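J.: Below is one structure. I have some questions about it.
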Amino acid sequence: MLRLVISRLASLAITLLFVSLAIFLILEVLPGDPAAIMLGTAAREDTLAALRQELGLDQPALLRYLDWIGGILHGDLGLSITYKMPVSTLVAERMSVTLPLSLLAILISTALALPLGIAAAARRDGPVDRAVLVFSQMGVAVPNFWIGLLFILFFSTRLGWFPAGGFPGWGAGLWPAFQALLLPSVALALPQAAVLTRVTRSATLEVIGADFVRTARAKGVDKRATLRRHVVPNALIPVTTILGLQLSFFFGGAILVENVFNLPGLGRLAYQALNQRDLVVIKDIVLIFSGLVIVVNFLVDIGYTILDPRLRSRT
Amino acid sequence: MTKRSSIRLNAALVIGGILTALLIATALLSLVWTPEVPTRVRVAMRLKAPLEAGLLGTDHFGRDVLSLLMVGAWNSLAIAWPAVLLGAAIGTAIGTAAAAWKGIADEIAMRVSDVVFAFPAVLSAIMIGALVGSGPFSAILAIAVFNVPVFARVTRGVALQIWTLDYIAAARAIGKHPLRITWEDVLPNIAGALIVQVTIQLALAILTEAGLSYLGLGVRPPNPSWGRMLSDAQTYLSQAPHLAIAPGIAIALSVLGLNLLGDGLRDALDPTLKGRGASA
């Protein structure tokens, strides 16, 4: 068991190393002169030289990479050129919006998808199953930012129940902050809930067809108890995998939804940084997003290797 | 007795086929005809409601919404289609090669796939946009990058199964080169799975393109796109709410059509998979 965790940890470290190298190559080496990108073509030579010095571009690339990674390990993400402040402060501030937003969305998505998917599978081809299939087909097709727009149109502009966007900050109290995040997180959750519902449904159907379920029914366990004790726990394994993989869709979606609702989150920061050509910020955010996705999927992987003894021998 | 056709028709296939045909027909029609010139600015006709001016009203420049939508269909496909084809070509090459050589090459290919898959397409677009500037080219590239690991995994999975078949083992035994086996035996056998995946990925690509152009990272104005129409609509939400409806419906119907078509094709091509439609 310990050996398994150690070997997985090693592969996690290698993966993270490659991701950071790829990001560094794309954003710092391929552009040739990042300073020229950041300042544009009209920049004067002496301002360019100053920025190059500030970014440490006179150093060799390998040294700059090690410097970047070493800094991150110490919690130092460098200095934003446009905001004139440490990226770590900036990220921490924005994270306090994006993290609760994504978690709330994942919570809503799971709370919708699990019961719907299981109910649909329990009575295959019944009316519930058909309704759930229609919901999941529709849900996958509707863009999250459009749902957000319609929410603003209906709940904010028409009914005035919710703010049309913006974030009061956690200092304004729990309720106003939650209120500002509710519509965006539902908009973010719905399309992913549709995907997860389909996955839950087909995973449940798969387990229902398994021999041990037939045995349980044959020895007289009633349908509900079979579902609860034997089917659902087993169906949750593939569902958890997909939920882990969906994380990158939640982050990608957050970039859009934060822009729709004007939320000062990490996704919006990435988008603003692109418009301001702040490569330092973009580099850090891309690494944080992809790093989080990789680490969470690693944890999911390890998690059910511990929970499910059958997966242990398969290493 | 009636003769059975080789492809079994099902509801998803028919509805998906019709919606997709409509999308393509609209896109093609926009090349030769639209009710109004989509880029013509008419200040006197600003923000007119549907039927007041044109079938779907006008936007903040007085442009005809229906005409913009039609050209938007073309622009959406013009990004989604090359992006998916590029991703499919590279992904299939990687997937089939990984299945043919297995071992360490396979291991590396799949690890890299996992890593690329960790990047949401919008994030790739931001990164590529920072590198070469944002625009249609960056959008195509970002969506293609996202598609590479998807196709690598799908084709590897199917190809691995085919490599275990007896006649492939026989071909190997008489010394047929793995490349030729891949080209002559494996590829024709995974064509069905590929077509299904291309259809489903096209749906996702249209969705992504809409998101990118909403952020201004796709087609450049004044060239119309569905995503940009929605971002413009947000500015005039209280004055002209109708602007926020039509482009969203256009996106949703296109995506729905392609998804249904993909599911329908899968069921028609391989009845054993029926009801397992889990395309995350």
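J.: Which of the following residues is open to solvent by less than 20 Å² (accessible area, probe 1.4 Å) and either on the phi < 0 side of the Ramachandran plot or aromatic (Phe, Trp, Tyr) (or both): B:Ala12, B:Ala49, B:Ala53?
T.: Numbers: B:Ala12 fails: open to solvent by less than 20 Å² (accessible area, probe 1.4 Å); B:Ala49 fails: open to solvent by less than 20 Å² (accessible area, probe 1.4 Å).
Of the residues listed, the single one that is open to solvent by less than 20 Å² (accessible area, probe 1.4 Å) and either on the phi < 0 side of the Ramachandran plot or aromatic (Phe, Trp, Tyr) (or both) is B:Ala53.
J.: Could you tell me how many of the residues in the stretch A:114-128 are touching a residue at least 24 places away in the same chain (Cβ under 8 Å) and more than 9 Å from every other protein chain (Cβ to nearest Cβ)? Walk me through how you get there before you give the answer.
T.: Filtering the stretch A:114-128 for residues touching a residue at least 24 places away in the same chain (Cβ under 8 Å) gives A:114, A:116-118, A:120-122, A:124.
Within this subset, residues satisfying the condition of being more than 9 Å from every other protein chain (Cβ to nearest Cβ) are A:114, A:116-118, A:120-122.
Within the stretch A:114-128, residues that are touching a residue at least 24 places away in the same chain (Cβ under 8 Å) and more than 9 Å from every other protein chain (Cβ to nearest Cβ) number 7.
J.: Next up: Given (1) open to solvent by 40 Å² or more (accessible area, probe 1.4 Å); (2) within 29 Å of the chain's Cα centre (by Cα); (3) away from chain B (no Cβ under 13 Å), where does A:Asp46 come up short, assuming only one miss?
T.: Unmet for A:Asp46, out of (1) open to solvent by 40 Å² or more (accessible area, probe 1.4 Å); (2) within 29 Å of the chain's Cα centre (by Cα); (3) away from chain B (no Cβ under 13 Å): (2).
J.: From the list A:Ile285, A:Ile306, exactly one residue is open to solvent by 50 Å² or more (accessible area, probe 1.4 Å) and either outside the structural domain of A:Ala121 (by TED's automatic domain parsing) or among the aliphatic types (A, V, I, L, M) (or both). Which is it?
T.: Values: A:Ile285 fails: open to solvent by 50 Å² or more (accessible area, probe 1.4 Å).
One residue alone meets the criteria, A:Ile306.
J.: Which of the residues spanning the stretch A:226-239 are surrounded by fewer than 18 Cβ atoms within 10 Å (Cβ to Cβ) and within 14 Å of another protein chain (Cβ to nearest Cβ)?
T.: Residue satisfying the conditions is A:Ile237 alone.
J.: Restricting the stretch B:212-265 to residues that are open to solvent by 20 Å² or more (accessible area, probe 1.4 Å), in a helix (DSSP H, G or I) and of a type in the set (Val, Ile, Thr), which is farthest from the other protein chains (Cβ to nearest Cβ)?
T.: Selected residue: B:Thr235.
J.: Where the second residue is of a type in the set (Phe, Trp, Tyr) and crowded, with 24+ Cβ neighbours inside 10 Å and the first is in contact (Cβ under 8 Å) with a residue 40 or more places away in the chain and within 11 Å of chain B (Cβ to nearest Cβ) and lies in the stretch A:192-221, which pairs have Cβ atoms under 8 Å and are six or more apart or on separate chains?
T.: A:Gln192/A:Phe250
J.: For residues in the stretch A:150-164 being in a loop (DSSP other than H, G, I, E, B) and aromatic (Phe, Trp, Tyr), which is most open to solvent (accessible area, probe 1.4 Å)?
T.: So, considering only residues that are in a loop (DSSP other than H, G, I, E, B) and aromatic (Phe, Trp, Tyr), the one most open to solvent (accessible area, probe 1.4 Å) is A:Trp161.
J.: Can you confirm whether the stretch A:196-204 contains a residue that is surrounded by fewer than 16 Cβ atoms within 10 Å (Cβ to Cβ) and over 24 Å from the mean Cα position of the chain (by Cα)?
T.: no
J.: In addition: Has the stretch A:158-166 got any residue that is of a type in the set (Lys, Arg) and under 30 Å from B:Gly227 (Cβ atoms)? Even if it seems obvious, please write down each step before you answer.
T.: Going through the stretch A:158-166, the residues of a type in the set (Lys, Arg) turn out to be A:158.
Going one step further and asking which of them are under 30 Å from B:Gly227 (Cβ atoms), we end up with A:158.
Yes, because at least one residue in the stretch A:158-166 is of a type in the set (Lys, Arg) and under 30 Å from B:Gly227 (Cβ atoms).
J.: I would also like to ask the following. Can you tell me which of A:Leu77, A:Leu104, A:Leu57, A:Leu51 is more than 14 Å from every other protein chain (Cβ to nearest Cβ), touching a residue at least 24 places away in the same chain (Cβ under 8 Å) and under 30 Å from A:Ala235 (Cα atoms)? Break it down stepwise before answering.
T.: Working: A:Leu77 fails: under 30 Å from A:Ala235 (Cα atoms); A:Leu57 fails: under 30 Å from A:Ala235 (Cα atoms); A:Leu51 fails: under 30 Å from A:Ala235 (Cα atoms).
Within the list A:Leu77, A:Leu104, A:Leu57, A:Leu51, the selection yields A:Leu104.
J.: May I pose another question? Only one residue in B:Phe137, B:Phe146 is at pLDDT 90 or above, aromatic (Phe, Trp, Tyr), within 25 Å of A:Leu269 (Cβ to Cβ) and buried (at least 20 other Cβ atoms within 10 Å of the Cβ), so which one is that?
T.: On the way: B:Phe137 fails: buried (at least 20 other Cβ atoms within 10 Å of the Cβ).
Checking each option against the conditions leaves just B:Phe146.
J.: Go through the stretch B:121-139 and report how many residues are in contact (Cβ under 8 Å) with a residue 24 or more places away in the chain and closer than 24 Å to A:Ile288 by Cα. Outline the logic, then answer.
T.: So in the stretch B:121-139, the residues in contact (Cβ under 8 Å) with a residue 24 or more places away in the chain come out as B:121-122, B:125-126, B:129, B:134-136, B:138-139.
If we keep only those that are closer than 24 Å to A:Ile288 by Cα too, we end up with B:121-122, B:125-126, B:129, B:134, B:138-139.
Total meeting the criteria: 8.
J.: When you look at B:Gly62, is it open to solvent by less than 50 Å² (accessible area, probe 1.4 Å) and either in contact with a Leu (Cβ under 6 Å, 6 or more places away or on another chain) or at pLDDT 85 or above (or both), yes or no?
T.: Details: open to solvent by less than 50 Å² (accessible area, probe 1.4 Å): yes; either in contact with a Leu (Cβ under 6 Å, 6 or more places away or on another chain) or at pLDDT 85 or above (or both): no.
Considered against the rule, which asks whether it is open to solvent by less than 50 Å² (accessible area, probe 1.4 Å) and either in contact with a Leu (Cβ under 6 Å, 6 or more places away or on another chain) or at pLDDT 85 or above (or both), B:Gly62 comes out as no.
J.: Applying the selection to the stretch A:165-178, what residues are crowded, with 16+ Cβ neighbours inside 10 Å and in a helix (DSSP H, G or I)? So that I can check it myself, show each step before the final result.
T.: Of all residues in the stretch A:165-178, those crowded, with 16+ Cβ neighbours inside 10 Å come to A:165, A:167, A:177.
If the condition is that a residue be crowded, with 16+ Cβ neighbours inside 10 Å and in a helix (DSSP H, G or I), then A:Ala177 is the only one that fits.
J.: Also: Could you give every pair whose Cβ atoms fall below 7 Å, whose first residue belongs to the stretch A:24-36 and is farther than 8 Å from A:Leu279 by Cβ, and whose second residue is buried (at least 19 other Cβ atoms within 10 Å of the Cβ), counting only separations of at least 6 or pairs across chains?
T.: These pairs meet every condition: A:Phe24/A:Trp68; A:Ile26/B:Met127; A:Ala35/A:Leu55.
J.: Can you say whether B:Val122 is open to solvent by less than 30 Å² (accessible area, probe 1.4 Å), closer than 20 Å to A:Gln246 by Cα, outside any loop (DSSP other than H, G, I, E, B) and touching a Leu at 6+ places or on another chain (Cβ under 9 Å), as far as the supplied structure shows?
T.: On the way: open to solvent by less than 30 Å² (accessible area, probe 1.4 Å): yes; closer than 20 Å to A:Gln246 by Cα: yes; outside any loop (DSSP other than H, G, I, E, B): yes; touching a Leu at 6+ places or on another chain (Cβ under 9 Å): yes.
Considered against the rule, which asks whether it is open to solvent by less than 30 Å² (accessible area, probe 1.4 Å), closer than 20 Å to A:Gln246 by Cα, outside any loop (DSSP other than H, G, I, E, B) and touching a Leu at 6+ places or on another chain (Cβ under 9 Å), B:Val122 comes out as yes.
J.: On to the next question. Report, by residue number, each residue of the stretch B:109-141 that is more than 21 Å from the chain's Cα centre (by Cα) and more than 10 Å from every other protein chain (Cβ to nearest Cβ).
T.: Of everything in the stretch B:109-141, those that are more than 21 Å from the chain's Cα centre (by Cα) and more than 10 Å from every other protein chain (Cβ to nearest Cβ) turn out to be B:Ala109, B:Met110.
J.: Next question, about the same structure. For A:Val128, are the conditions met, namely being part of a helix (DSSP H, G or I), under 30 Å from A:Glu206 (Cα atoms) and aliphatic (A, V, I, L, M)?
T.: Values: part of a helix (DSSP H, G or I): yes; under 30 Å from A:Glu206 (Cα atoms): yes; aliphatic (A, V, I, L, M): yes.
It is true that A:Val128 is part of a helix (DSSP H, G or I), under 30 Å from A:Glu206 (Cα atoms) and aliphatic (A, V, I, L, M).
J.: Give A:Leu269, A:Leu279 a once-over and let me know the one that is over 22 Å from A:Leu107 (Cα atoms) and within 9 Å of chain B (Cβ to nearest Cβ). Can you show your working first?
T.: Numbers: A:Leu269 fails: within 9 Å of chain B (Cβ to nearest Cβ).
Testing whether each residue is over 22 Å from A:Leu107 (Cα atoms) and within 9 Å of chain B (Cβ to nearest Cβ) leaves just A:Leu279.
J.: While we're on this one: Would you check if there is a residue in the stretch A:18-35 being at positive phi, open to solvent by 40 Å² or more (accessible area, probe 1.4 Å) and not assigned by TED's automatic domain parsing to the domain that holds A:Leu181?
T.: Looking only at the stretch A:18-35, we keep the residues that are at positive phi, and these are A:32.
Add one more test, that the residue is open to solvent by 40 Å² or more (accessible area, probe 1.4 Å), and what stays is A:32.
Narrowing further to those that are not assigned by TED's automatic domain parsing to the domain that holds A:Leu181: A:32.
Yes, the stretch A:18-35 contains at least one residue that is at positive phi, open to solvent by 40 Å² or more (accessible area, probe 1.4 Å) and not assigned by TED's automatic domain parsing to the domain that holds A:Leu181.
J.: Quick check on this structure: which one of B:Leu85, B:Leu68 is aliphatic (A, V, I, L, M), open to solvent by 50 Å² or more (accessible area, probe 1.4 Å) and part of a helix (DSSP H, G or I)? Write out each step before concluding.
T.: On the way: B:Leu68 fails: open to solvent by 50 Å² or more (accessible area, probe 1.4 Å).
One residue alone meets the criteria, B:Leu85.
The values are calculated or read from the model by the stated rules, or taken from the named source; none is laboratory data. Note that the structure is a prediction, hence the values are computed from the model and not measured. Virtual Cβ from ideal backbone geometry, glycine too; neighbours counted across all protein chains shown. Ligands, DNA and RNA are excluded from the accessible area calculation, which covers all protein heavy atoms including side chains. Shrake-Rupley method; radii C 1.70, N 1.55, O 1.52, S 1.80 Å.
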